[in-house]
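The values are calculated or read from the model by the stated rules, or taken from the named source; none is laboratory data. Just so it is clear, the structure is predicted and the values come from calculations on it, not from any experiment. Positions of Cβ are backbone-derived with ideal geometry, glycine not excepted, and every protein chain shown enters the neighbour counts.
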Amino acid sequence: MAVPHTMPKRSVQAAAVVATAALALSACSIFGDGDTDPTVGAGGENDAQVLRTTWSNPESLDPHVISNGIWIDQQGLFEGLVVQNSTGSDVEAGTADEWEVSEDGTVWTFHLRDDASWSNGDAVTAQDFLWTYERLLTPGGSGAGNTTGANSYQVALGIANASEFLAGTVTDFAEVGIEASADDQLVFTLDAPNPGFLLGLTHPSMLPLHPATLEEFPQEWTEPENWVSNGPFVLDEWQRNVEMTLVPNENYWDTENVHLDEVEIQLYASGEPVSPVAYDNDEVDLMQLVGEDVFSYVDNPEFTDQIRAVEQRNITYLALLRSTNPVLEDVRVREALSLALGREIVAGLQPGVAVARSLVPEYLGAEHGLGQDEDIARAQELLADAGYHDGEGFPELMLLTEAPRPELDVAVDQWAENLGVTATVNNVERGVYVEERWSIQDTPGFYSGSFITRTNWNDAINTTFNPRTMEEFSLPAEVWEEYQEVQADEDLDPGERASQLQALRDAHASAGAQEFTALAAEGSSQPDLEAATGYFVDAAEVRDDLYLYLPVTLIDANYLVRPGVEGLNLRGTPDVYYFKGVSITGE
Amino acid sequence: MTETDRIDPAERPGPPDSSEPAATAGAAQAQSQFRRAWTRFRRNKLALASLVILAALIVVAMIAPLIAPYGFEEPDYENTLAGPGTAGHLLGTDLLGRDLLSRLIYSLRTSFLVGFGAELAALLVAIVIGLMAGYRGGRAEQLLMAVTDVMFAFPTYLFAVLMVAVLGRSVGAVILAIAIASWVNMARLTRAQTLTLMQRDFVEAARAMGAPGVTIAVRYVLPNAVGPLLVAVSFGIPAAITAEAGLALLGLGVQPPTPSLGGMIQDGISYVTSYPNMLVWPAVMLAVVLLAFTWLGDGIRDAFDTTGTRR
Amino acid sequence: MNLAVFAVRRVARLVLSLIAVSIIAFGLLQLAPGSFADISNLAAEESSTVTAEMQQRYGDEVPVWQQYLGFMKGALTWDMGPSYKYTGQNVEDIIATSFPVSATLAVVAVIIALCIAIPVGVFSALRQNTPWDYGSMFAVTIWHSLPPYLVGTFLMLLLSGTWHVLPSRGWSGPENMIMPVIALALGPAAVMTRYVRSSVLETLREEYVTAAFAKGGARRLVIRRYVLRNSLIPLVTVAGPVLANLMTGTVFIEWIFGIPGLGQYFTDAAASRDMPLLMGTTLFFAVILMVTNLVVDLLYGFLDPRIRATAGAR
């Protein structure tokens, strides 16, 4: 029968003591070093200037692999040959203090400044850049040999043989158009003149890395204890998913213009909601407002002097899904759908959203007369012309998305009301989304996405919605299937694959898409951006008329900025601003 | 999905059922058990009130199209993000001007569908496997043990996430994902009940009279195991509703625009500083549903409990 | 000896289950649409850094079963290689830095839950059917019905957003633990309170207790000596799994309060199809869950002579 028993008292007590001790011990080490004093901030009594801001947790700080981290590299850890000016419209001297271009516009020579040095005191040399670019362009490499992320090289730079070397068709790096002609002299040879080359050099992929450090620590070079960089700041501490601390680089050539004593970056994990409570609670001085938080701050009189907007930072779009149903292969149908999207309604739903009438942001395109108004009557007419009067006989459309977006619900509603076209929103998991949007669907429709708008004409034509992409989107469904098979064919050598793909595009891309390519190419071969713009505007017009991507809205990025933060130039680029030049004054 | 809900009822140690009346037919035994349970249940005011509330909510959910003032995806661009009490929109509207009251009513429908659907699916599988494992032993028992080991070691939540990625976000897929993650506990419970019941006199009597195994299992064992299963189900349904809410927070719940309580909470949480009513309504509704199920479950458990633990 | 056979069987089952878990996780990952490359390319596109062969797949040349075996071989030697997404970080390092965080939160939360559950539960049982009993059970049920992420959000808005007394997020000191621990502890506290109450009520009806009372033992003494000891032992069976589950998945709380625990890596790995990270965290979780269950079983057997007797007899 059940026997009452007692636990030995002493062992219970001993267990409790051990547990408490273990807990206390682990509590000491589980937190970050925590040597930063969170009370020192903007307007604090302490003289130290600490900027406290936020960023998505970087998966890596390697600028050669696409991740959130490459933008922190550019914000102030590394410095490229040239840097962007305050608005992002042109470049200023960086590690190079002078440069010249050959008359035909294809050879660029950069002279490094004498006092450019790494944070460990080594001089920055042209060979360092060369070594870095070889690492960047080595196929599947990034030095460590085991990275899996996407390579960050920007094809639009047009460096001779660079894409070919990356693709594996050229195997000797000496054939790539980058050369260190002297210790302080770096020469680039381009395939053709490129008006976007200088701005393109400010992309993180073109930042220099310190070869000796990377060779010694192929993987751990991004740890604070191994860190060597040439920018105004160096990495001091990195507690993943929590916080990153940067301190000034004492060996930087322009320390005079580096005012901050510390940059404290709160890191947000992927999926973690970014709540402005951290700003209200005086934990950060500068953060982006995301999503619905705009309702509490933008247009709130209490915060008018604390909100700064980067206008039209993102463009949302609907892109054509490939489908076995050919109904959307008729451009009139696509135009009709675009003309009746209900953009005005979407723009009226929340502050900071504007109607996108062209794939080129309004601040670039408006003065060139780009863009088209919505026009229900014309939409109905076009649909009737295509044989679907009042939507009769029109198949159901699908709008594929990975997140709920109001413009999709509005489109569904407006199409039904004005065109008699039914559509459903298909909101799927991210992995499903990436697979479905490029596969051939039974249901015709569009997928929803967004890009960061580009602040200059070259990128607006050659980077986002670029010629190759437009040609690919104009391929008929069955050719697209073949095209993807070629892309996935691992038996083909890279050069052969590239030329087969080119042949398919040449043979099957729509006339309009090819016209866009031709105009873009014409513009890109101009010696400077000004001369190129005329061609780019024409190209943009042709591209808008393809209706392969339907522009929907332009969305402002709003930042909460604590009064006292000075010298902050927010730009439309993904890195948003440089830490250099920012200072914090007492109120 | 709450991380605390995985306590296996079958593992809860408790005194074995001791009070054993004389041998009667199993069916009669079960029937009288029900009658006694109902008498006891009726005396529990809290449980009774919960039952009434849940029944009312279920009716509301079933006739949603009749009583909801608007369709759940019907926009009103003139009245977006309206506060509670706006003319025509009692509880206010969302970003697209969709009526929150209507969406709340429809979301009850989805959440009940998920809750009952997932539990029912889990129950069916659990009963078959649990009965076989308990009655027959052998292969079925080994299989159940093996699956239990694996499921207990598999983070349920990861399982649901991957299942939804594989199956998609339709109501059916979400139900399936949750059911697969939750049937094991119930199967174990069925098995445990079966093992206990097998030793009862009426089962042994039936066996002695040469009744076939299936008959014994279905006619004598199962009806008498209903009590504990009913308790498990009444706790399982709110768990499934919570699980859907958890998936919704990850962006993996039932696909919008079909509203679910979890989906509405996910929407509302991002408006918490600006339009808190968008969070308050679904959160309160979820809490009411979960509470009612808990009290109902308590009531059922006490009603079927023969050891007198009830208050 | 019987016990040795029992132990060997138990461990064998453990290993087999682990293999099954790994195969299921890997299989589901293979079945799930989208590859890591596709998803990371999407991220690249969104910041419009469109690369040359944006749509080209890569890295999957190794046959699927070899990927699996390769990973499992590494896992056995605690060398799971770098994560796809967090390049330059090995999966075992990610686990080693983030698990202690989750574990600490879980342990503290369970301790707090016990500190609430035991006194409230015991008191309610001893005062059965009094207003105190009804009141506390009512409160417990209500807080059990509040999902932790809502409690967490509410706490943050109140304590950080309105009163400004606690940091809203981060992991730099004990003050960062207060809100998440409260949010995490409430649910388990409710479950355990109810459990303690019914367990005490059962013990009070045991023969030896009634006998002790009958013999004229002082109420206080009898309760401490017999009732508490014997009714709290089964709590191990509840506290164990609760602890294991808290240690393995607290992603919402981690998100809300910016805590660098394992839960968010795990979610992220599933969402981005980061095979090594997903497999690593899943297997690690599986081991934790199994070991906890094993420990609970053993502890329970050790604490309760009835079980020990039956286990020995088996």
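The single residue among C:267, C:250, C:210 that is free of Cβ contacts under 8 Å to residues at least 60 places away in the same chain and either crowded, with 24+ Cβ neighbours inside 10 Å or within 11 Å of chain A (Cβ to nearest Cβ) (or both) turns out to be C:267. Residues that are at pLDDT below 95 and either in contact with a Lys or Arg (Cβ under 6 Å, 6 or more places away or on another chain) or part of a strand (DSSP E or B) (or both): does the range A:135-151 have at least one? So far as the range A:135-151 goes, yes, one or more of its residues are at pLDDT below 95 and either in contact with a Lys or Arg (Cβ under 6 Å, 6 or more places away or on another chain) or part of a strand (DSSP E or B) (or both).
Counted as qualifying within the range B:197-269 are the helices (runs of 4 or more DSSP H) with 1 or more residues that are within 14 Å of chain A (Cβ to nearest Cβ), namely B:222-249, B:261-269.
Checking each residue in the range B:114-149 for being closer than 15 Å to residue B:186 by Cα and among the β-branched types (Val, Ile, Thr) picks out B:125, B:127, B:128, B:129, B:147, B:148.
Scoring residue A:106 on the criteria (1) surrounded by fewer than 24 Cβ atoms within 10 Å (Cβ to Cβ); (2) in contact with a Leu (Cβ under 8 Å, 6 or more places away or on another chain); (3) within 28 Å of residue A:269 (Cβ to Cβ) leaves a single failure, condition (3).
When the range B:158-194 is examined, which residues are found to be aromatic (Phe, Trp, Tyr) and crowded, with 24+ Cβ neighbours inside 10 Å? Explain how you work it out, then say what you get.
Initial filter on the range B:158-194 (aromatic (Phe, Trp, Tyr)): B:159, B:183.
Residue satisfying the conditions is B:183 alone.
When residues in the range A:361-377 are screened for being touching a Leu at 6+ places or on another chain (Cβ under 7 Å) and without any contact (Cβ under 8 Å) to a residue 40 or more places away in the chain, 2 of them pass.
Put simply, of A:566, A:541 the only residue that is free of Cβ contacts under 8 Å to residues at least 40 places away in the same chain and surrounded by fewer than 20 Cβ atoms within 10 Å (Cβ to Cβ) is A:566. Considering A:73, A:62, A:47, A:122, the condition of being away from chain C (no Cβ under 14 Å) and touching a residue at least 12 places away in the same chain (Cβ under 8 Å) is satisfied by A:122 alone.
Among (1) charged (D, E, K, R); (2) modelled with pLDDT of 95 or more; (3) within 30 Å of residue A:80 (Cβ to Cβ), there is one condition residue A:311 misses while meeting the rest; what is its number? Condition not satisfied by residue A:311: (2). Of the residues making up the range C:126-161, those that are more than 25 Å from the chain's Cα centre (by Cα), in a helix (DSSP H, G or I), facing chain B (nearest Cβ under 10 Å) and farther than 29 Å from residue C:262 by Cα number 3. Taken over the range A:188-225, the criterion of being acidic (Asp, Glu) and within 11 Å of another protein chain (Cβ to nearest Cβ) is satisfied by A:220, A:223.
Return yes when residue B:173 is under 19 Å from the mean Cα position of the chain (by Cα), more than 18 Å from residue B:233 (Cα to Cα) and of a type outside the set (Val, Ile, Thr) and no when it is not.
The answer is yes for residue B:173.
Restricting the search to helices (runs of 4 or more DSSP H) fully inside the range A:370-451 and requiring at least 3 residues that are in the same structural domain as residue A:329 (by TED's automatic domain parsing) and among the hydrophobic types (A, V, I, L, M, F, W, C) gives A:376-385, A:406-414. If you go through the range A:390-411 and keep only what is in contact with a Lys or Arg (Cβ under 9 Å, 6 or more places away or on another chain) and facing chain B (nearest Cβ under 9 Å), you end up with A:402, A:403, A:409, A:410.
Note on the range A:288-324: residues that are touching a residue at least 12 places away in the same chain (Cβ under 8 Å) and either farther than 30 Å from residue C:252 by Cα or more than 14 Å from chain B (Cβ to nearest Cβ) (or both) total 22.
Buried (at least 19 other Cβ atoms within 10 Å of the Cβ), in contact (Cβ under 8 Å) with a residue 24 or more places away in the chain, more than 30 Å from residue A:191 (Cβ to Cβ) and not assigned by TED's automatic domain parsing to the domain that holds residue A:194: is that true of residue A:577 in this structure?
Judged against the criteria, residue A:577 is not a match.
Scanning the range A:412-429 for residues that are in contact (Cβ under 8 Å) with a residue 40 or more places away in the chain and either of a type outside the set (A, V, I, L, M, F, W, C) or within 12 Å of another protein chain (Cβ to nearest Cβ) (or both) gives A:413, A:414, A:418. For the residues A:401, A:422, the requirement of being hydroxyl-bearing (Ser, Thr, Tyr) and over 26 Å from the mean Cα position of the chain (by Cα) singles out A:422. Take residue C:123 and decide whether it is under 30 Å from residue B:288 (Cα atoms), of a type in the set (Phe, Trp, Tyr), part of a helix (DSSP H, G or I) and more than 10 Å from chain B (Cβ to nearest Cβ). When the stated conditions are applied, residue C:123 passes them.
In the range A:238-287, the qualifying residues are those that are among the acidic types (Asp, Glu) and within 14 Å of chain C (Cβ to nearest Cβ), and the one that is farthest from residue B:278 (Cα to Cα) is A:264. With respect to residue A:514, determine if the residue is touching a Lys or Arg at 6+ places or on another chain (Cβ under 9 Å) and surrounded by fewer than 19 Cβ atoms within 10 Å (Cβ to Cβ). Yes: the conditions hold for residue A:514.
Can you find even one residue in the range B:282-302 that is in contact (Cβ under 8 Å) with a residue 40 or more places away in the chain and more than 30 Å from residue C:134 (Cα to Cα)?
No, every residue in the range B:282-302 fails to be in contact (Cβ under 8 Å) with a residue 40 or more places away in the chain and more than 30 Å from residue C:134 (Cα to Cα).
Do we find that residue A:502 is under 21 Å from residue A:440 (Cβ atoms) and of a type in the set (S, T, N, Q) in this structure? Against the criterion (under 21 Å from residue A:440 (Cβ atoms) and of a type in the set (S, T, N, Q)), residue A:502 does not qualify. Looking across the range A:439-461, just one residue is within 7 Å of chain C (Cβ to nearest Cβ) and of a type in the set (Phe, Trp, Tyr), and that is A:451.
Residue C:182 meets each of the listed conditions (1) within 13 Å of chain B (Cβ to nearest Cβ); (2) farther than 21 Å from residue B:243 by Cβ apart from (1). When residues in the range A:358-369 are screened for being under 19 Å from residue A:462 (Cα atoms) and in a loop (DSSP other than H, G, I, E, B), 4 of them pass.
Here A:413, A:373, A:409, A:459 are screened, and the one residue that is over 31 Å from the mean Cα position of the chain (by Cα) and among the acidic types (Asp, Glu) is A:413.
Kindly evaluate residue B:232 against the criterion of being touching a Gly at 6+ places or on another chain (Cβ under 7 Å), within 25 Å of residue B:58 (Cβ to Cβ) and surrounded by 21 or more Cβ atoms within 10 Å (Cβ to Cβ). No: the conditions fail for residue B:232. Quick one: is residue C:105 within 12 Å of chain B (Cβ to nearest Cβ), assigned to a helix (DSSP H, G or I) and surrounded by fewer than 21 Cβ atoms within 10 Å (Cβ to Cβ)? Considered against the rule, which asks whether it is within 12 Å of chain B (Cβ to nearest Cβ), assigned to a helix (DSSP H, G or I) and surrounded by fewer than 21 Cβ atoms within 10 Å (Cβ to Cβ), residue C:105 comes out as no.
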